[in-house]
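Just so it is clear, none of the values below were taken in a lab; they were calculated from the coordinates. Model, not experiment: these values are computed from the prediction. Please note: Cβ atoms are built from the backbone with ideal geometry, for glycine as well, and neighbour counts cover all protein chains shown.
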Amino acid sequence: MTSSGTGDRVSSGRRAVRLVRRLFEPPSYLRGGRVLWVPAGLSLVFSLLMLPYAFNVIGDLAPEHRAWAKGIGVAYVVSYLLFVALGETKSWIVRMSMCVMLLVLGAALVFFVGLQNVWVLVFALCVISAFTRAAFAGSVVVAMVAALAIAAFMTGVIDETLSEMLLLSSVGIAMILFIRLVDANAELRRARDRIAAFAVVEERERFARDLHDILGHSLTTITVKAGLLRRILENSAREAEATEAREVEQIARQALADVRGTVSGYRVTTLAGELAAAGTVLRSAGIEGRLPQAVDDVHPDARELFGYVVREGITNAVRHSGARELEVRLGRDWVVVKDDGPARGPVHKGNGLRGLEERMAEKGGTLSVGRGPDGGFFLRAELPTDHNDGAKDGDTR
């Protein structure tokens, strides 16, 4: 019972940490560039415009409170400017610390300047709304306005602070809606880029098919006809004409071989090609990819098969995972594709995974799919050790 209770507490603690981490992860629109410098710059301009009023408010305070208000005010301004500079950091601990620091300093400043000046919290709300997820930002707005309303009611200044609280509520909600709009636009851009990437692949396949079906058929017919004409001329002892026909036949055969080689170049899956395409597709989907720079260590006979594995892993991550990062690792006779998507539970195998299992089975290999200890999806393909002539692999799997 004791060990079971301890395990339950540890499991609950891990779930709580994952929940907090998810709340403080950078929103998806922050990937790929600093898109929020405009609203951050507007906040800075607004703060500069409000400096004269802030100086007047602080100047009217009692001398024993004035020094505290000045020090906390400077720390508050530095904190939200620092948050703007560090807003895109991936460390959820840093982001959580910045949010807590802003709220504590803002509350302390309001304590010294009075509830009639709660407008100073607008900066904290704007920065938190811009650089955290909408669920957390909305909770902060509701909690902050509710706490101020209770404090104003208990101190009897509810009438004087009503307009200030309406200002905080409207600015917080407007900022959250603005950020949601930015997020939606970023998602649309990624979807557009992803569709364009898939359209290019589909167009290449269509072109290869049409090239083979139309030009390949015509060249095959020309080759056959030229060969027939050559034999007729050879039987008629017309050597000069037969020589010319023989050259036409050779040219037609070479052209047919070139067409087939070109079509094969479009259709054949290679590991290096899939890794190169994966970088573009992942960037379009807003997923950070950690991809190998070379495939020299992979056995040559395994590269085409591993190319299919990488393609399936990338496709699953882009379409279904909701991941932020994806890693591909290679060995001489194995490949692993792993993402950090939020999905948990059993993996349902679709046609793609079943097709990969059949390909691996034909080569005597194995395909493993599942979830990592922290969620996400991993795909591992491995060929028998005798496939690579007994070479050893020092993988850290």
- Note on the structure: Applied in sequence order to region 327-334, the curve 6.51 cos²θ - 1.76 cosθ + 1.60 (Karplus, θ = phi - 60°) yields integer Hz couplings, x standing for Gly and Pro, of 10, 10, 10, 10, x, 5, 10, 8
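What order do you get for 108-120, 124-136 when each peptide is scored by the mean count of other beta carbon atoms within 10 Å, highest first? Please report the intermediate quantities before stating the final value.
Numbers: 108-120: 19.2, 124-136: 22.5.
My ranking of the peptides, most packed first, is 124-136, 108-120.
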- Item | Projected label distance in nm at residue 206 and residue 174, using a 7 Å step from Cα toward the beta-carbon | 4.7 nm
- Taking the Cβ of residue 124 as the center, what net charge do the other residues with Cβ under 15 Å away carry, scoring Lys and Arg +1 and Asp and Glu -1? 0
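If you take every residue apart from residue 275 with its C-beta less than 14 Å away from the C-beta of residue 275, what net charge results, scoring Lys and Arg +1 and Asp and Glu -1? All intermediate terms of the calculation are to be shown ahead of the outcome.
Numbers: positive: 283, 290, 303, 311, 329; negative: 274, 296, 297, 304, 312, 327.
Its environment carries a net charge of -1.
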- Note on the structure: In nm, the gap between the two label points placed 7 Å beyond Cα toward Cβ at residue 189 and residue 301 is 4.8 nm
- Segment residue 385-residue 354, extension gain: residue separation times 0.36 nm, minus the distance between their alpha carbons: 8.9 nm
- Message: Tell me whether region 283-356 comes out rounded, prolate or oblate; compute the Cα gyration tensor, take square roots of the eigenvalues as a ≥ b ≥ c, and use a/c under 1.5 as the rounded threshold.
- Response: oblate
- Item | Label point distance in nm, residue 276-residue 220, each placed 7 Å from Cα along Cα→Cβ | 3.0 nm
- Query: Which value in Å is the Kirkwood Rh of region 70-152 over different Cα pairs?
  - Reply: 12.9 Å
- Using θ = phi - 60° and the Karplus curve 6.51 cos²θ - 1.76 cosθ + 1.60, what whole-Hz ³J(HN,Hα) does each residue of region 97-108 get, with Gly and Pro shown as x? 4, 5, 4, 4, 4, 4, 5, 5, 5, x, 5, 5
